[in-house]
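Novice: This is the structure I want to talk about, given as structure tokens.
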Amino acid sequence: MSYRSSSVQRPGALVAQGQGGGGKSYGTQGQRKRVFANYVEIEKCPENEIYQYDVVVRPERGEFKKLPPPAYMRSVFDAAMAQHRQGKLGGTAMVYDARKIAYAPKRVCGPKETLELELSFNDEGRAENYVIRLREAAVVNTSILAEFMTGRGNIGVADIQSALNALDLAIGSVLHLEMIGFNRSFFTREQSTPTSGGLELWRGFSFSVRPGIDRLYLNVNTAVTAMYTPGSLLEALMAILNVRDANQLRGRLSVQTLREMGTFLRGLVMFIRHRGIQGRRKFAVRGTTSKGLDEESFDWEDPDRPGNPENITVAQYYLRRYNIKLNYPFLPGLVGRKNSVFPIEFSEIAENQRYKGHLDERQTADMVKFACQRPGDNMHRIMDVLKQTDLGRQPVVQAFGLSLSNKLAEVESRVMAAPRVNYGTSSREASFVPQNGAWNMRDKQVMRPGDELNYWAILVLANRQYVQDAAVQAFVAMLVNSCRQTGYKINESRPPIFYANTHADIPREMAQACKRIHLPPNTRPQLLLVILPTTNTQVYQTVKNCAYTTLGVHTQCMQSKHIQRPNMQYCANLCLKINAKLGGVNQSLPMPHMETMLRKKPTLFLGCDVTHPPPGEQHKPSIASVVGSTDFLGLRYAATLLQLPSRQEMVDKMQEAIVRHLKLFFKNTKSKPTRIVFYRDGVSETQFIQVRDRELIEIQRACASIEQGYKPEITFLAVLKRHNTRFFPMGRNGDRTGNCVPGTVIDRSVTMPGITDFYLFAHAAIQGTSRPTHYYVLHDDAKFSADVIQQLTYHLCYTYAICTRSVSLVPPVYYAHRVADRARCHLVDMGVGFEEATSSASGHYGGPGTSIGGRPAAAPGSVTAKIIKINNHLDESMYFM
């Protein structure tokens, strides 16, 4: 039998269900304060229709097999516009997405006509002739923007997307003249800084038109990105492979080395330059040869000896054809179009190319440092770029009917009171209200200790000379003492210590360590404390994979440097993790307080996230994680991990996962939940309706499969962390870092029309500019008031099990992130590297030659959905902490 909510809206409608017809609801609790938003009000909105055109750019010599890079396509289109605007286009401005769509504020040809524009385009000294064909595809009604912003009618985000895209392109067409653009982000090299591995970091800005309450805004945010350093490819590869002289690579081109080179080179545009050709010749890297150029051969016919083809190496070809002896013939060649091969030593990296690969640890650290700026500095940079670009006065922006100021919008915020946090009754201060979103464990004991630790061992995966036995014993003594002080009891204060090499068979060493623990009959090891020499991801994943799938034992990993410099604060943090893994509760909110918000109804909290492999890695699966609370206060959670087809956002097997969590809740509380609060992360705004409608049905079916007629109240919230909205406090209303204080909530002006949504600062930033989390109430059977759902979400952020501070993300979603992160460890045995997994929502909306950088993509649908099982002994625990 199919279960469907009676209030499901038509596709595309973004109206919260279960609220008696929907509508915007605002909160009232908290101290009111004005803040700046990184939004500029669009004072005049377009009133006329906008015309959308299909664009086909056709070279004189035939069709493109694959469209050239966006920058090139945009240059061709702009050149055609400059040549034909006053003629065939009748003076009408057009903006282009550099692929297949263009927009115009006036009609440039009849609805059933095709307009052809001929162009001779000069690129790097080479002339190409093109024909650009324009055909009307749609007429965009801009009046629905006003309807959407006022909440009238049944209009969703998908309905206004074409209008927003057109306005984004109009503004972007101006910015492309000043900066290097990628989608809605624009960068400049003026304030760049070098990082390792042939890359440099650029500053820039993102721009996008956003609907607000009764107004349209331009959202402007600072941004940073990694770019290829232009110049010698050979020098860049030497930096990547950490050699000073390319001759050091002779005989060392292993499969791993070629893979590293391939990752760097994927899709890169190069210039080839040597004395045998005129000027510079441009080509895109499609692959690398599998051999050095002194071994890679082909059949060649010498022009001086026609009719006598011979097989020669690429190195011999350059010597005979151009009289050039390669300095590094042992290096592989770059494969370009039509399987042409070019030497690395003659190749130069072209300018203005964005790096799309995975940043290593050092590059990531440089990126974080480069991006980290105080809120005031970020706000002033945004104001400066608005003044410099003066978008409101640009002719193309005005042609599309826009008028905007250069001032940041002021909006109303409220600062909600922090909740009371409870610790164990033996604590000196068992109940208190945190200040500035943080507290410490001094003189505090955990709310409820987990299983007493009797059977555990230490496994040292480090050199014994560096991590000596005496130092390990001293650290263990401090850890045991710290745990006892915080109320968690470790009975075995001298666990056995075992040493192993990280290059050894780690699963075997872990099993041996567990076997040497003195265990009574029918008991199992409880914990393996693993001391790692470095942050090596592969070793860590191997440890966790063995623990999760084979041994079924909790592991606590730590770096060996903490053995050398032990301190009580670090030990206290380890204690919180161990206690959570072994069934304990570290802190809680007062029961009466939670009962008041939940109206004394047993409530199951669920969190869900989907992570995807990086672009171009279709052979890797997507991973969904679902976590569910197992107690009345939302403090203890169990996790379910699901494998999905690559890049699939919809969660197959959701019903199975929900049934499991309903049963676990009943098992631990002896009550069926009468309310479900579901926080769903990893969804962009354009996917809200599709994901909500499908997953809501899955939850309802799961409930009905438990018991006929069982229909708990369901509240469905979407959670968005990756967005470009920022807020800046006025005057001295910020915290010590200049950010909004914890508890700041914004639910007016710049939020979504017609739906209950809010931005929440639940945490205190340590450095840089805080990013609020955006919550959308997409369905609400419980009919929570805006105040209650905002307070509930904020107060839950004080219950994250292993922190003595509030966190930025509601814990069910935070835990789902951790579970998905641990999926990397589950997938080790499957031969799938998942270290590059990224959250699916990146913003508000959303050939011949040797392959490079990995295996070929699997056929679509070759990865099937399934639940990934972990060892039964860990299955119901918070093993992921």
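Novice: Does any residue in region 656-670 that is modelled with pLDDT of 95 or more come within less than 7 Å, Cβ to Cβ, of a residue that is among the acidic types (Asp, Glu) six or more places away or on a different chain, and which pairs are these?
Specialist: Ile658/Glu698; Leu664/Glu876; Asn668/Asp631; Thr669/Asp631
Novice: Sort out which residues of region 465-488 are more than 39 Å from the chain's Cα centre (by Cα) and in a loop (DSSP other than H, G, I, E, B), and write them in order of number.
Specialist: Answer for region 465-488, where residues must be more than 39 Å from the chain's Cα centre (by Cα) and in a loop (DSSP other than H, G, I, E, B): Gln465, Gln468.
Novice: What about Val788, is it touching a strand residue (DSSP E or B) at 6+ places or on another chain (Cβ under 8 Å), modelled with pLDDT of 95 or more and of a type in the set (A, V, I, L, M, F, W, C)?
Specialist: So Val788 does not fit the description; no.
Novice: Say we look at region 683-742 and pick out the residues that are crowded, with 19+ Cβ neighbours inside 10 Å and small (Gly, Ala, Ser); which of these is nearest to Val209 (Cα to Cα)?
Specialist: Ser684
Novice: Moving to a separate point now. Is there a residue being within 30 Å of the chain's Cα centre (by Cα), modelled with pLDDT of 90 or more and crowded, with 21+ Cβ neighbours inside 10 Å anywhere in region 609-618? Quick ask: steps written out before the conclusion?
Specialist: Here is the first cut: in region 609-618, the residues within 30 Å of the chain's Cα centre (by Cα) are 609-618.
Within this subset, residues satisfying the condition of being modelled with pLDDT of 90 or more are 609.
From the residues that got through so far, the ones that are crowded, with 21+ Cβ neighbours inside 10 Å too are 609.
Checking region 609-618: at least one residue is within 30 Å of the chain's Cα centre (by Cα), modelled with pLDDT of 90 or more and crowded, with 21+ Cβ neighbours inside 10 Å.
Here is a yes/no grid of residues against (1) buried (at least 18 other Cβ atoms within 10 Å of the Cβ); (2) of a type in the set (Asp, Glu):
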| site | (1), (2) |
| --- | --- |
| Asp469 | no, yes |
| Cys483 | yes, no |
| Thr486 | yes, no |
| Ile490 | yes, no |
| Asp505 | no, yes |
| Glu509 | yes, yes |
| Ile517 | yes, no |
| Arg524 | no, no |
| Leu528 | yes, no |
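Novice: Taking region 317-344, which residues are crowded, with 18+ Cβ neighbours inside 10 Å and not aromatic (Phe, Trp, Tyr)?
Specialist: Scanning region 317-344 gives Leu326, Pro329, Leu331, Pro332, Gly333, Leu334, Val335, Gly336, Val341, Pro343, Ile344.
Novice: Given the structure, is Ala816 touching a Ser or Thr at 6+ places or on another chain (Cβ under 9 Å), modelled with pLDDT under 95 and not in a strand (DSSP E or B)?
Specialist: Working: touching a Ser or Thr at 6+ places or on another chain (Cβ under 9 Å): yes; modelled with pLDDT under 95: no; not in a strand (DSSP E or B): yes.
Answer is no for this residue.
Novice: For region 437-448, name all the residues that are farther than 10 Å from Gln485 by Cβ, in a loop (DSSP other than H, G, I, E, B) and touching a Lys or Arg at 6+ places or on another chain (Cβ under 8 Å).
Specialist: Gly437, Trp439
Novice: Mind checking which strands (runs of 3 or more DSSP E) fall wholly inside region 693-805 and carry at least 3 residues that are of a type in the set (Val, Ile, Thr) and under 30 Å from Tyr879 (Cβ atoms)?
Specialist: 713-720
Novice: Out of all the residues in region 382-391, is one or more of a type outside the set (Phe, Trp, Tyr) and outside any helix (DSSP H, G or I)? Steps first, answer last, please.
Specialist: The first filter runs over region 382-391 and keeps only residues of a type outside the set (Phe, Trp, Tyr), leaving 382-391.
If we keep only those that are outside any helix (DSSP H, G or I) as well, we get 390.
Yes, the conditions are met somewhere in region 382-391.
Novice: Among the residues of region 494-513, are any more than 10 Å from Ile458 (Cα to Cα), among the polar types (S, T, N, Q) and not in a loop (DSSP other than H, G, I, E, B)?
Specialist: So far as region 494-513 goes, yes, one or more of its residues are more than 10 Å from Ile458 (Cα to Cα), among the polar types (S, T, N, Q) and not in a loop (DSSP other than H, G, I, E, B).
Novice: Restricting attention to region 554-577, does a residue exist that is modelled with pLDDT of 95 or more, over 21 Å from the mean Cα position of the chain (by Cα) and either at positive phi or not assigned by TED's automatic domain parsing to the domain that holds Arg508 (or both)?
Specialist: Checking region 554-577: not a single residue is modelled with pLDDT of 95 or more, over 21 Å from the mean Cα position of the chain (by Cα) and either at positive phi or not assigned by TED's automatic domain parsing to the domain that holds Arg508 (or both).
Novice: State yes or no: is Asn122 within 24 Å of Phe64 (Cβ to Cβ) and out of contact with any Ser or Thr (no Cβ under 7 Å at 6 or more places or on another chain)?
Specialist: So Asn122 passes the test.
Novice: Scan region 258-275 and tell me whether some residue there is in contact with a helix residue (DSSP H, G or I) (Cβ under 9 Å, 6 or more places away or on another chain), basic (Lys, Arg) and either exposed (fewer than 15 other Cβ atoms within 10 Å of the Cβ) or outside the structural domain of Val335 (by TED's automatic domain parsing) (or both).
Specialist: The answer is yes; a qualifying residue exists.
Novice: Right, another one. Can you name the residue in region 637-654 that is buried (at least 22 other Cβ atoms within 10 Å of the Cβ) and hydroxyl-bearing (Ser, Thr, Tyr) and, of all such residues, is farthest from Tyr800 (Cα to Cα)?
Specialist: Restricting to residues being buried (at least 22 other Cβ atoms within 10 Å of the Cβ) and hydroxyl-bearing (Ser, Thr, Tyr), the top hit is Thr640.
Novice: Shifting gears a bit: Confirm whether Phe36 is aromatic (Phe, Trp, Tyr) and at pLDDT 90 or above. Explain how you work it out, then say what you get.
Specialist: Numbers: aromatic (Phe, Trp, Tyr): yes; at pLDDT 90 or above: yes.
The answer is yes for Phe36.
Novice: What do you reckon, is Gly251 assigned by TED's automatic domain parsing to the domain that holds Ser290, closer than 18 Å to Ser290 by Cα and touching a strand residue (DSSP E or B) at 6+ places or on another chain (Cβ under 7 Å)?
Specialist: Values: assigned by TED's automatic domain parsing to the domain that holds Ser290: yes; closer than 18 Å to Ser290 by Cα: yes; touching a strand residue (DSSP E or B) at 6+ places or on another chain (Cβ under 7 Å): no.
It is false that Gly251 is assigned by TED's automatic domain parsing to the domain that holds Ser290, closer than 18 Å to Ser290 by Cα and touching a strand residue (DSSP E or B) at 6+ places or on another chain (Cβ under 7 Å).
The values are calculated or read from the model by the stated rules, or taken from the named source; none is laboratory data. These numbers were taken from a predicted model, which means no experiment stands behind them. Glycine also receives a Cβ, built like all others from the backbone with ideal geometry; neighbour counts cover every protein chain displayed.
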